[in-house]
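The values are calculated or read from the model by the stated rules, or taken from the named source; none is laboratory data. What you see is a predicted model; the values in this text were computed from it and never measured. Methodologically, a virtual Cβ is constructed for each residue, glycine included, from the backbone with ideal geometry; neighbour enumeration extends over all protein chains shown. The area values use the complete protein model at the heavy-atom level, side chains included, leaving out ligands, DNA and RNA. Shrake-Rupley method; radii C 1.70, N 1.55, O 1.52, S 1.80 Å.
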Amino acid sequence: MMPGYAGAMLRVDLSRATVRKEPLPAPLVKQYIGGRGFVAKILYDEIEPGISPFDPANILIAATGPLTGHFLPASGKTHFGTKSPATGGYADSNMGGHFGPQLKYAGYDLLIITGRAQTPSYLLINDATVEIRPAAEYWGQGALTAEKNLKSLLGDDFQIITIGPAGENGVRFACISHDFGRQAGRTGVGAVLGSKNLKAIAVKGTGSLPVADLPAAYAKGKDAYQKVRAKPGFEGWTPEGTAGITNWTNEVGVFPTRNFQTSFSPHYQQINGRAVIERLKITDKGCYCCPTPCGKYGHARTDRGSAYVEGPEYETIALLGGNCCLQTIEEVAYANYLCDELGLDTISAGAVVSWAIECFEKGILSQDQIGRDIQFADLDTVAYLLDQIAQRKGIGDLLADGVKTAAEKIGRGSEQFAIHVKGLEWTGYESRNAPSMMLAYLTADVGAHHNRAWVLGHDVAGAWTSVHDLIAAGGDPETQPKAVVAENCVQYVIESQHTRPMFDVLGCCRLQLMELGFEAENYAELYSLITGDRKSWPQLLQVSERIWHLTRAFSAREIEDFGRRLDLPPPRFFKEPIPDGPNQGHHLSEADIHHLLTWYYKARGWDENGIPTRQTLKRVGLPDVAADFEARGFFVD
Ligand code: SF4
């Protein structure tokens, strides 16, 4: 028995139509704890190096953490991982809702899916009963529709994940959908499920989970729940959820607008958190055991039709309302609904659509290529392109591969404003005037994603003006006093890259810490009481650091010529000053960015090209990876 865990993993081979239950390996638990840690280790060890993300041999993992499914605040997270169709490197994506807890109650901490079913299928897990069932009648249905239909068939007790047409058609930013509005949105995990001919997974469990010290864990969990709700920020943050930040991002000039041409949208008060509450919201909606339900379930009426939808949350507002310039919250919500039903990540979808519109405006894409006129601030344009993409029809076939590949194919300068890192589209924070946040995006292990380190507040507060000053003075990272460097953004980014992903390891939501300041030490105590493995928060962060190096190593192994060249932003971000708004005239130079990367690699213990050194890999407990790198000739010395 392993307290905290269900104690088993389920291997599903869709090509052979076999399922096998195995005990959860104790060394895996000891070294990697759960969720993202399990994903990183299994991908590194089990994926055949160099395979295509759409090869049947690629692995799709659904992993829970030790806190998932216990009576604790917001302990409903599930972590999906695979080799990314978007980047070709390490991929994971986190999802709230109720799927993970149910998987553990059914007796499994982990699902490891390989192969490809001969015909469209879905996986049914009902405690010990596991079946691969035909899903032809659901294939082609929207993700929300398929979930509704499977619930009608199986009953509301089943928790279900689905993909939409985008996942079926191999759109490289297709998501996995759950609970009518929760998504594992990023890195194309839905496309990998589609490549396996797997439309859905339905799970129901009736078991219970062992706990090392049940009375103490129960008391601490209850206390934590009450303390979160008593935090001063609770009343301010929860009603609007993540959408509440829309005013701030505009007022400080970091709101993506017109494909990141600028960083301020004059219509932001039409699409902010207040607009969500006043014009859309029917009810709050939360994940499993959540004291701060940030989901806003609402109804949007537009000229194109009406829709019930969860959201829009901030990222969707930024990429569809700002980047595509949709003018009202109803239009943003309707586009959000289309993405959810088609199974598209709203972030990448908004980035791809806005890039296509800019290409059209600049004459790089023609009306003939696109099939019609397209423009910013037009819901019909957005709806048309989303459908083309999800079906891979016409221009949608090009756009379905994401902005990096699309720009490489059509060229003509469109690479300058294809806003991504490593092939993953940039999320909702324009960072030309924010060195820490820029560095966080460039070094995030899945590509341009804010969820590894959100450090923008410190840039805006001027906490790192020393970096600005240093860069402006032409500071040399080799000769600067260590204290200056140590106090600058690099260390802050690294700390954040260990802290935030730790929640993806434990299997619970980080927003109670990030938004309300519910202290991290509480999670260490909960982990210790649940598992019996007494660890402080700093000790947990050592595990997070190990995982960080492992995911970097995975991408270094899988992506040809991996390194610094892939840690750079698109040229727009270092060539074009922000044209208007609060940050008018600002941008970092290419040299500034190389300085930041050099400092970061040094602090991480990576070489000049950003590859972990053998000493670093050994120091963080990855001697097997060091040996693998040695054999592959990856070390330069
Ligand atoms: S804060 Fe939001 S994302 Fe986090 S668990 Fe609660 S409802 Fe889910």
For segment 67-103, which positions are away from the ligand (no atom under 16 Å from the Cβ) and either small (Gly, Ala, Ser) or more than 17 Å from Thr114 (Cα to Cα) (or both)?
Gly81, Ser84, Ala86, Thr87, Gly88, Gly89, Ala91, Leu103
Checking the structure you have, find out if any residue of segment 547-564 is in a helix (DSSP H, G or I), under 26 Å from Gly253 (Cα atoms) and of a type in the set (D, E, K, R).
no
Only residues that are open to solvent by 10 Å² or more (accessible area, probe 1.4 Å) and either of a type in the set (A, V, I, L, M) or part of a loop (DSSP other than H, G, I, E, B) (or both): list them for segment 396-407, please.
Leu398, Asp401
Can you name the residue in segment 274-293 that is buried (at least 21 other Cβ atoms within 10 Å of the Cβ) and assigned to a helix (DSSP H, G or I) and, of all such residues, is farthest from the ligand (Cβ to nearest atom)?
Ala275
Would you pick out the residues in segment 212-239 that are open to solvent by 50 Å² or more (accessible area, probe 1.4 Å), within 16 Å of the ligand (Cβ to nearest atom) and hydroxyl-bearing (Ser, Thr, Tyr)?
Tyr225
Just to be sure I understand, how many residues within segment 245-272 are outside any loop (DSSP other than H, G, I, E, B) and either of a type in the set (S, T, N, Q) or touching a residue at least 40 places away in the same chain (Cβ under 8 Å) (or both)?
11
Say we look at segment 166-180 and pick out the residues that are open to solvent by 10 Å² or more (accessible area, probe 1.4 Å) and closer than 23 Å to Val352 by Cα; which of these is nearest to the ligand (Cβ to nearest atom)?
Arg172
Suppose we keep only residues that are out of contact with any Leu (no Cβ under 9 Å at 6 or more places or on another chain) and among the aliphatic types (A, V, I, L, M) within segment 240-273. Which one would you say is farthest from the ligand (Cβ to nearest atom)?
Ile245
Is at least one residue of segment 379-395 of a type outside the set (Asp, Glu), within 22 Å of Thr187 (Cα to Cα) and without any contact (Cβ under 8 Å) to a residue 24 or more places away in the chain?
yes
Whichever residue in segment 489-506 is more than 11 Å from the ligand (Cβ to nearest atom) and under 16 Å from Ser93 (Cβ atoms) and, among such residues, is surrounded by the fewest Cβ atoms within 10 Å (Cβ to Cβ):
Arg500
Pull up segment 422-435, narrow it to residues that are under 19 Å from the mean Cα position of the chain (by Cα) and open to solvent by less than 10 Å² (accessible area, probe 1.4 Å), then point me to the one that is nearest to Gly188 (Cα to Cα).
Leu424
In this structure, does Leu566 turn out to be touching a residue at least 60 places away in the same chain (Cβ under 8 Å) and within 27 Å of Ser52 (Cα to Cα)?
yes
Of all residues in segment 294-324, which are open to solvent by 10 Å² or more (accessible area, probe 1.4 Å), more than 16 Å from the ligand (Cβ to nearest atom) and either in contact (Cβ under 8 Å) with a residue 24 or more places away in the chain or part of a loop (DSSP other than H, G, I, E, B) (or both)?
Arg301, Thr302, Asp303, Arg304, Gly305, Ser306, Tyr308
Considering only segment 109-120, I want to know if a residue exists there that is within 16 Å of the ligand (Cβ to nearest atom) and within 22 Å of the chain's Cα centre (by Cα).
no
Exactly one of Ile370, Ile419, Ile410, Ile364 is out of contact with any Ser or Thr (no Cβ under 7 Å at 6 or more places or on another chain), of a type in the set (A, V, I, L, M, F, W, C) and either open to solvent by 10 Å² or more (accessible area, probe 1.4 Å) or without any contact (Cβ under 8 Å) to a residue 24 or more places away in the chain (or both), and that one is Ile410
Looking at Gly76, is it under 17 Å from Leu24 (Cα atoms), in contact with a Cys (Cβ under 9 Å, 6 or more places away or on another chain) and not assigned by TED's automatic domain parsing to the domain that holds Val421?
no
Taking the condition within 18 Å of the chain's Cα centre (by Cα), of a type outside the set (D, E, K, R) and within 16 Å of the ligand (Cβ to nearest atom), does Leu511 pass?
yes
Go through (1) of a type outside the set (A, V, I, L, M, F, W, C); (2) open to solvent by 30 Å² or more (accessible area, probe 1.4 Å); (3) under 28 Å from Met95 (Cβ atoms); (4) modelled with pLDDT of 95 or more one by one and return the number of the condition Tyr527 breaks.
(2)
Checking Lys222 against (1) without any contact (Cβ under 8 Å) to a residue 60 or more places away in the chain; (2) more than 25 Å from the chain's Cα centre (by Cα): exactly one of these is not met. Which one?
(1)
Within segment 14-29, restricting attention to residues that are in contact (Cβ under 8 Å) with a residue 12 or more places away in the chain and open to solvent by 30 Å² or more (accessible area, probe 1.4 Å), which residue is nearest to Asp55 (Cα to Cα)?
Ser15
